[in-house]
Every structure is written in structure tokens, then in C-alpha cells.
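Here the structure is laid out as C-alpha cells; the discussion comes afterwards.
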Amino acid sequence: MTVWLLLLMTFSVGLSAIAQTLFKMGVSQVVLTPEMSLVTKAASMLLSPYVMGGLSLYALGTIFWLFALKALDLSAAYPFVALSFIFVTFSSFAVLGEPLSASRLLGTALVIAGLVVVFVGEIRS
């Protein structure tokens, strides 16, 4: 695995993590009432500017991901999707003000350890 592919996958997953943060920001601002139909509720969420921005970033991240998949085995590339757990944990803390508990930090550290194991295995292959 080259440094370029590692950066490509990291960028792709990073865009997806930013998109998730935008999704949360968007749906948090939408006011839903019991009288609204399911279609109206879904449209209200989808048409939120933050959700629309998140969908755009998610689509862009997917395009970059496709380039990474073209060059790598799926079984080598897919573990890097776990980076999203790390990125979302810290973006939800920094942007959304969500708490960073000890258990979340421990779980994030375990994800990082798993990625290191996969990455070292790929370099040796």
C-alpha cells in the first residue's frame, strides 16, 4: 500500500465523517410535529442545508473511495473505514459539543490499535 493510497482512503473517510457531523447538525435544526406525514418529515430533513451539504461531501468521499478500491483489495481497504469512528468521535466533541467519556476514548484507542495492526500487516505484505 502506497502513501498516496493511504492518504486517498483517509481523505475519503474524512469527508464521510464530516458529512455525518453535518447530518447531525441538519436534523437537529429541523422541527417535526406529530401532524406531519412521514414524507413531509423526511423532506424537511433532506432539504436542510446541512444535510444537503453532508450528502454532497458523502458523494465526493465515495468517488475518492472508488479510486482506492480500484487500486486495492477490498479486504485491505475496508478496515480503514474504521477511521470514521475516530474522526466522528472527535468532530462530535469539537463541533457538536458532545461529551468524550472514558469509554469512548478507550473504544477509539482500540480502533486505532486495530488499524495499526492492519496497516503494519499491509506494509509487510
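The values are calculated or read from the model by the stated rules, or taken from the named source; none is laboratory data. It should be emphasised that the depicted structure is a prediction, and the values quoted were computed from it without experimental measurement. All Cβ positions, glycine included, derive from the backbone under ideal geometry; neighbour counts span all protein chains shown. Surface accessibility is based on the protein's heavy atoms, side chains included, excluding ligands, DNA and RNA. Shrake-Rupley method; radii C 1.70, N 1.55, O 1.52, S 1.80 Å.
Could you size up the charge dipole of the chain around its Cα centre, putting +1 on the beta carbon of Lys and Arg and -1 on that of Asp and Glu, and report it in debye to the nearest 20?
Values: 5 positive and 4 negative charges, 10 e Å.
Charge dipole, the chain, about its Cα centre: 40 debye, nearest 20.
Anything in the chain that counts as a DSSP H helix reaching 20 Å or more along its axis (C-alpha) with Kyte-Doolittle mean of at least 0.5? List them, would you?
Helices meeting the span and hydropathy rule in the chain are 3-29, 49-71, 102-124.
Assuming a ≥ b ≥ c are the square roots of the Cα gyration tensor eigenvalues, decide whether region 52-125 counts as rounded (a/c under 1.5), prolate (otherwise, with a/b larger than b/c) or oblate. Present the calculation step by step, with values, prior to reporting the outcome.
Numbers: a/c = 4.16, a/b = 1.18, b/c = 3.51.
Taking the square roots of the gyration eigenvalues as a ≥ b ≥ c, region 52-125 is oblate.
For the chain, treating each Cα as an identical point scatterer without solvent, what Debye log10 I(q)/I(0) comes out at q = 0.17, 0.21 1/Å?
-0.93, -1.15
Looking at the square roots a ≥ b ≥ c of the eigenvalues of the Cα gyration tensor of region 79-121, which shape do they give, rounded for a/c under 1.5, prolate if a/b is larger than b/c, or oblate?
Working: a/c = 4.18, a/b = 1.93, b/c = 2.17.
Cα axes put region 79-121 in the oblate bin.
From the helices alone, meaning DSSP H stretches of at least four residues, give me the mean residue ellipticity at 222 nm for the chain, per-run term -39500 (n - 2.57), in deg cm²/dmol to the nearest 500. Don't jump to the answer; show the numbers that get you there.
Details: 6 runs with 98 residues, N = 125.
That calculation yields -26000 deg cm²/dmol at 222 nm.
Which percent of the accessible heavy-atom area of the chain goes to carbon and sulfur, probe 1.4 angstrom? Don't jump to the answer; show the numbers that get you there.
Numbers: 5860 of 7900 Å².
Ligands and nucleic acids excluded, carbon and sulfur reach 74 percent.
How would region 4-62 be classified by its alpha-carbon gyration tensor: rounded, prolate or oblate, with rounded meaning a/c under 1.5 and the a/b versus b/c comparison settling the rest?
prolate
Where the centroid of each part is defined by its Cα atoms, how far is region 6-21 from region 74-107 in Å?
Centre-to-centre (Cα) distance: 11 Å.
Given a 1.4 Å probe, how much area per residue of the chain is accessible, in Å²?
63 Å²
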